[in-house]
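Report on the structure given below.
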Amino acid sequence: MELWGQRLWALLSGPGGRRGGIRSWAYSSWRSHPPLTGLLSPTGMVSHWTGVFEKRGIPEARESSEYIVAHVLGAKTFQSLKPVLWTQPLTPQQLQGIQVLCSRRLQREPVQYILGEWDFRGLSLKMVPPVFIPRPETEELVEWVLEEVAQRPHVVEAQGGPLILEVGCGSGAISLSLLSQLPESRVIAVDKEEAAINLTYENAQRLQLQDRIWIIPFDVTSEGNWTHLLPWGPVDLIVSNPPYVFHQDMEQLAPEIRSYEDPVALDGGEKGMDIITHILTLAPQFLKDSGYGWDRCSRSIFLEVDPRHPELVSNWLQSHPDLYLNLVTVRRDFCGRPRFLHVQRSGP
Ligand SMILES: C[S@@+](CC[C@H](N)C(=O)[O-])C[C@H]1O[C@@H](n2cnc3c(N)ncnc32)[C@H](O)[C@@H]1O
């Protein structure tokens, strides 16, 4: 099961922000790879560590070394460094900083955790292991939700913006991105993991979006009446990038994912459906009743899933007609795989 986006690196590492695509690294002490005399410039260090990474079979060797060198020099990308700096000698502190961070990459730690921050749709988010690192395809899920909301501008104005619930907020990438693009919206972000709740809170503060978000610890698999989780009343839409990896695929994930990211964020059970079905079962409790006027995207659930899920979800919904939920659209990701679902409630 492939979790990482397949966009060409060139598209990801322009002079603007960092985002997506990068993976992580294998162990070796930096002492066994001392910097070479005469290569003590940023360009020299990038070449040196690219060679070391390649030799050790570390994925995305050049991108990894470029990001680390740029980070130590206070830039987001190597390309955004002033060219005049590329060949200037680095200070001993900078050289040591690069060696320390590159040694972490040699242990296959993801670049996002090493740098401690990563960009998602232009927002710079703090990253802390083991909280899930947002993937580039999830940017497409957010884009889809924004498109659907934009088709109802008159309703947005009349209702003061959509009320959104995100299940499994992780670092807060989806919720904070929606809040930043929809100035009138409010979001309730839930996650069962304390580390995720704390990180979403920190990122909301960092982006000054804390006034329009409620961040609540909540396990979607727990039973009961959860309407008290809705401080502003029922929501217009639910969005989630839930754990959806088929359990048997977990062992095939890259070492960067297996060793550093929380399996709770990934493992969706035997058919990857465990959390998806809980979200769908709870949805009628959380969504507004009919008659709110958001005919196209209200009472909706937008999900990121595995390409095998559209059929599984469709079958599951047909066997649960009491939920009054219909799979109305399946959208493909940038690789052409069916990865996003729009489910809508049609009943009372
Ligand atoms: C794939 S990650 C998505 C994180 C973030 N939304 C993103 O796209 O980057 C799934 C998230 O769901 C959370 N999660 C897993 N099981 C859950 C449950 N039963 N109830 C609530 N959240 C859960 C995990 O802790 C994790 O943060």
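Out of Ala195, Ala204, I need the residue that is assigned to a helix (DSSP H, G or I), among the hydrophobic types (A, V, I, L, M, F, W, C) and in contact (Cβ under 8 Å) with a residue 60 or more places away in the chain. Which one?
Answer to the selection: Ala195.
Anything in the stretch 57-70 that is crowded, with 21+ Cβ neighbours inside 10 Å, part of a helix (DSSP H, G or I) and not charged (D, E, K, R)? List them, or say none.
Ser64, Ser65, Tyr67, Ile68, Val69, Ala70
Checking the conditions here, which among Gly336, Gly347, Gly269 is part of a loop (DSSP other than H, G, I, E, B) and without any contact (Cβ under 8 Å) to a residue 12 or more places away in the chain?
Gly336
Applying the selection to the stretch 125-146, what residues are more than 11 Å from the ligand (Cβ to nearest atom) and out of contact with any Leu (no Cβ under 8 Å at 6 or more places or on another chain)?
Passing the criteria: Pro129, Glu140, Glu143, Trp144.
Return the total of residues in the stretch 307-333 being basic (Lys, Arg) and either touching a Phe, Trp or Tyr at 6+ places or on another chain (Cβ under 6 Å) or free of Cβ contacts under 8 Å to residues at least 12 places away in the same chain (or both).
Total meeting the criteria: 2.
Could you list all residues from the stretch 231-246 that are farther than 18 Å from His342 by Cβ, buried (at least 16 other Cβ atoms within 10 Å of the Cβ) and away from the ligand (no atom under 11 Å from the Cβ)?
Within the stretch 231-246, Pro234, Phe246 qualify.
Within the group Ser29, Ser24, Ser13, Ser65, which residue is hydroxyl-bearing (Ser, Thr, Tyr), within 24 Å of the chain's Cα centre (by Cα), at pLDDT below 95 and more than 30 Å from Gln248 (Cβ to Cβ)?
Unique residue meeting the criteria: Ser13.
Which members of the stretch 71-93 meet the condition of being closer than 19 Å to Leu115 by Cα, free of Cβ contacts under 8 Å to residues at least 12 places away in the same chain and either part of a loop (DSSP other than H, G, I, E, B) or of a type in the set (A, V, I, L, M) (or both)?
Gly74, Ala75
Restricting attention to helices (runs of 4 or more DSSP H) lying wholly within the stretch 108-185, give those where 3 or more residues are among the charged types (D, E, K, R) and surrounded by fewer than 21 Cβ atoms within 10 Å (Cβ to Cβ).
136-150
The values are calculated or read from the model by the stated rules, or taken from the named source; none is laboratory data. Here the structure is a predicted model, which means the values were calculated and not measured. Note: ideal-geometry Cβ built from the backbone for every residue, glycine included; neighbour counts use all protein chains shown.
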